[in-house]
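Written out below as structure tokens is the structure these notes cover.
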Amino acid sequence: MSRLSDRIGHAAPRPAPTAEREDEMERFLEFFYRRTGMHFTAAKRYFVDRRVAERMAALGQSSLRGYLMHLRYDDAGGAELQALINAMTVNETDFYREEYQFRCLAQSLLPEIVARRAAAGEPASPLRIWSLPCSTGEEPYSIAMQLIEGWAGLAEHDVEIHGSDIDTTVLARARAGLYDERALHLLSSALRGRYFQATQEGQFRIDPSLREVVTFSQVNLSDAQQMRATVGRFDVIFCRNLLIYFDDAARRAAAASLFESLREGGFLCLGHSESMSRISSLFTVRKFADVIVYQKRSG
Ligand SMILES: C[S@@+](CC[C@H](N)C(=O)[O-])C[C@H]1O[C@@H](n2cnc3c(N)ncnc32)[C@H](O)[C@@H]1O
């Protein structure tokens, strides 16, 4: 029986699950996991089969084995791997998603960092915040909005906001800063009015004053070397709703990379269903009003 979703995107039909095909799929999933940290359980097989079938059709490959060979040996420059990654990621996000964490940033985290630096007599340097993964940009732009709206310290301190993701398609959309109504559904009309311009096509363009303060770059959290080489150290990292796609081994490796990317005493904010406690002992658990945050242990 065909499914309604089979009609989406004119995708190739789902192949029959033979033992040989299962074996090839296992090898393919291992290859993909090694490069991205993303781990797909059996429950996600329908999603994986569909996305892989679409990529194979786009490349004119009829066998999964041939497709994997192409990825391993013929994908000079990694163009197909990137197209596959872009197809396999789940990019769901919203402006002001889990907004209480942004409030905590403005009311507790940044004031604490500023006070600690002043007490240590550290020279003034920009406060650095990283949204990894940032998907289509709603998270780093929300951070910028929250700081403008709710942190008086902004008048005295330079703040840098970076957004990174493994997916190049969402990064292009983040840089463009053009959104559908759905992405704004948690925002008050006052915030919409202050930070967006409605376009004639019914979309919403983020105000240039916000677009200019957030910089975007491609980063793979599972690539420890790239993490080390990329963008320097941060005071606060938002790594929300990514570790849910990793298995424990990839989470532990990610925890070590995030730890390295933080300044001494820096803070790590995870998504509401994610936790560091079981994964890593590198961080101290800090409890703020309604929010648990992980802090890099000093020394
Ligand atoms: C569900 S979105 C979360 C976006 C945002 N942080 C939020 O909570 O609304 C997950 C994002 O993780 C990105 N992603 C998946 N694997 C990644 C990796 N290894 N490194 C960096 N980003 C990754 C995906 O491309 C996707 O945009």
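Structural remarks
- Qualifying residues in segment 260-299 (those that are away from the ligand (no atom under 16 Å from the Cβ) and among the aromatic types (Phe, Trp, Tyr)) - the one nearest to the chain's Cα centre (by Cα): PHE283
- Against the numbered list (1) within 14 Å of the ligand (Cβ to nearest atom); (2) touching an Asp or Glu at 6+ places or on another chain (Cβ under 9 Å); (3) more than 24 Å from VAL159 (Cα to Cα), PHE204 comes up short only at (1).
- Near pairs, Cβ below 6 angstrom, 6+ apart or cross-chain, from segment 284-299 (within 10 Å of LEU268 (Cβ to Cβ) and aliphatic (A, V, I, L, M)) to any residue that is open to solvent by 20 Å² or more (accessible area, probe 1.4 Å) and part of a strand (DSSP E or B): VAL293/ARG286
- All strands (runs of 3 or more DSSP E) inside segment 223-299 with 2 or more residues being surrounded by 21 or more Cβ atoms within 10 Å (Cβ to Cβ): 234-239, 262-270, 291-296
- The sole residue among TYR46, TYR67 that is away from the ligand (no atom under 16 Å from the Cβ) and open to solvent by less than 20 Å² (accessible area, probe 1.4 Å) is TYR67.
- For first residues located in segment 101-128 and among the small types (Gly, Ala, Ser), partners that are part of a helix (DSSP H, G or I) and lie 6+ apart or on another chain with Cβ distances below 7 Å form the pairs ALA106/GLN146; ALA106/LEU147; ALA106/GLY150.
- Condition met for GLU149 (away from the ligand (no atom under 16 Å from the Cβ), modelled with pLDDT of 95 or more and out of contact with any Gly (no Cβ under 7 Å at 6 or more places or on another chain)): yes
- Matching entry among ARG34, ARG27 (being under 24 Å from ALA253 (Cβ atoms), open to solvent by 90 Å² or more (accessible area, probe 1.4 Å) and within 16 Å of the ligand (Cβ to nearest atom)): ARG34
The values are calculated or read from the model by the stated rules, or taken from the named source; none is laboratory data. All values reported here derive from a predicted model rather than from experimental measurement. Cβ sites come from the backbone with ideal geometry, for glycine too, and all protein chains shown count toward neighbours. Please note that ligands, DNA and RNA were not included when accessible areas were found on the heavy atoms of the full protein model with its side chains. Shrake-Rupley method; radii C 1.70, N 1.55, O 1.52, S 1.80 Å.
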